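> Right, I'll just put the structure down here and ask away after.
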Amino acid sequence: MNTLNQSVLPIRTETDVVIVRQKVRAVSVELKFSLVDQTKIVTAASELARNVLNYGGGGTVAIEVLIRESKNGLRLTFEDQGPGIPDIELALQDGYTTGGGLGMGLGGARRLVNEFEITSRVGEGTRVVITRWK
Ligand SMILES: Nc1ncnc2c1ncn2[C@@H]1O[C@H](COP(=O)(O)OP(=O)(O)OP(=O)(O)O)[C@@H](O)[C@H]1O
Ligand SMILES: [Mg+2]
């Protein structure tokens, strides 16, 4: 598998979240994703970026274009060095929130992509990797 065109963006402010959304939209357009698929990956990215900001104390997202045989994909890796998530299964459940949100972000993001991996260590941070294939 080849990786092309990797870029890393900071997620420190609300404005950064907007920039992440714009960049993910632009790359998905370049990849000729359908409008529906563009919206899916942008929505998932927005939820995960907001979690990095709200719970992770800020972090980064790496944006990678993947070329696998004739299939193209977009992979996003969100990382923070925040408090971590003690119970990932619980955090993924719809309606679970520690921040007065709807508790729909993680579960919703998982349903919008083809691949979803989350790893977290309490006191070290959280990494979420999502991939949407064309
Ligand atoms: N990067 C993170 N670091 C630490 N905890 C996190 C992180 N992302 C999510 N969590 C925890 O998982 C919970 C569920 O996250 P989720 O995005 O599903 O819901 P929410 O952010 O609380 O609400 P919503 O996204 O619907 O506004 C959060 O309330 C928080 O406790
Ligand atoms: Mg959230």
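> Please give the contour-minus-distance gain from GLU30 to MET104: 0.36 nm per residue of separation, less the Cα-Cα distance, rounded to one decimal in nm. Walk me through the numbers before you get to the answer.
Values: separation 74, 0.36 × 74 = 26.64 nm, distance 2.87 nm.
Extending this stretch completely gives an extra 23.8 nm.
> Ranking LYS32, LYS134 by Cβ neighbours within 10 Å, fewest first, what do you get? Display every interim value, and only then the final one.
Working: LYS32 10, LYS134 15.
Going from least to most buried by this count: LYS32, LYS134.
> Between the stretch 17-57 and the stretch 79-114, what is the separation of their alpha carbon centroids in Å?
16
> Here's something else I'd like to know. What do you get for GluC sites (Glu not before Pro) in the stretch 35-85 restricted to DSSP loop and a cutoff of at most 11 other Cβ within 10 Å of the site's Cβ?
GLU69
> Loop only by DSSP, 14 or fewer other Cβ within 10 Å of the Cβ. Give me the GluC sites (Glu not before Pro) in the stretch 96-134 that pass, ordered by residue number. Each step should come with its number before you reach the end.
On the way: sites: GLU115, GLU117, GLU124; in loops: GLU124.
Counting only loop positions with at most 14 other Cβ atoms within 10 Å, the GluC sites (Glu not before Pro) in the stretch 96-134 are GLU124.
> Can you tell me which of THR77, THR60, THR15 moves the most in a GNM of the chain? Springs connect C-alpha atoms under 10 Å apart.
THR15
> Of GLN81, ILE63, GLY95, which is farthest along the charge dipole of the stretch 2-133 in the positive direction, counting Lys and Arg as +1 and Asp and Glu as -1 at C-beta?
Of GLN81, ILE63, GLY95, it is ILE63.
> Among GLY100, GLY84, GLY58, determine the one that fluctuates most according to a GNM of the chain built with springs between C-alpha atoms less than 10 Å apart.
Result for the chain, Cα springs under 10 Å: GLY100 fluctuates most.
> Now a separate question. So if each residue of separation counts as 0.36 nm, and I subtract the Cα-Cα distance between LYS134 and THR97, what length gain in nm does that give?
On the way: separation 37, 0.36 × 37 = 13.32 nm, distance 3.15 nm.
Roughly 10.2 nm would be gained on extension.
> OK, next. Taking θ = phi - 60°, what integer Hz values does the Karplus form 6.51 cos²θ - 1.76 cosθ + 1.60 yield along the stretch 103-109, in sequence order, with x for Gly and Pro?
Calculated HN-Hα couplings, in order: x, 10, x, 5, x, x, 4 Hz.
> Where does the charge balance sit around LYS23 when Lys and Arg score +1, Asp and Glu -1, over other residues with C-beta under 11 Å from its C-beta? Kindly include the intermediate steps, with their values, before the conclusion.
On the way: positive: ARG21, ARG25; negative: ASP16, GLU30.
Value of the local net charge: 0.
> Follow-up question, since we're still on this one. Rounded if a/c is under 1.5, else prolate if a/b is larger than b/c, else oblate: which is the chain, with a ≥ b ≥ c the root eigenvalues of its Cα gyration tensor?
Details: a/c = 1.70, a/b = 1.60, b/c = 1.07.
Prolate.
> Then there's this: Calculated from DSSP H runs of 4 or more alone, at -39500 (n - 2.57) each and per residue, what is the 222 nm mean residue ellipticity of the chain, nearest 500?
Values: 4 runs with 50 residues, N = 134.
Computed ellipticity for the chain at 222 nm equals -11500 deg cm²/dmol.
> Given points 7 Å out from each Cα along the Cα-Cβ axis, report the GLU117 to VAL8 separation in nanometres with one decimal.
1.7
> Mind checking the dipole of the chain: about its Cα centre, +1 per Lys or Arg Cβ, -1 per Asp or Glu Cβ, Debye to the nearest 20?
Details: 16 positive and 15 negative charges, 99 e Å.
For the chain, the charge dipole is close to 480 debye.
> Just to be sure I understand the model, the point goes 7 Å from the Cα along the line to the Cβ. What's the resulting ILE19 to SER70 distance in nm?
Here the answer is 3.8 nm between the modelled labels.
> I need to check one value: relative contact order of the stretch 2-133, counting alpha carbon pairs closer than 8 Å and at least 6 residues apart, in percent. Before the final figure, lay out each step's value.
Numbers: 266 pairs, mean separation 34.3, N = 132.
Answer for the stretch 2-133 is 26 percent.
> Per the Debye formula with a single identical scatterer at each Cα and no solvent contribution, what log10 I(q)/I(0) holds for the stretch 45-116 at q = 0.21 Å⁻¹?
Computed log10 I(q)/I(0) values: -0.96.
Where a number appears in this text, it was derived from the coordinates with a stated rule and is not lab data. Owing to the predicted nature of the structure, the values given are computational and were not obtained by experimental measurement. So basically every Cβ, Gly included, is an ideal-geometry build from the backbone, and we count neighbours across all protein chains shown.
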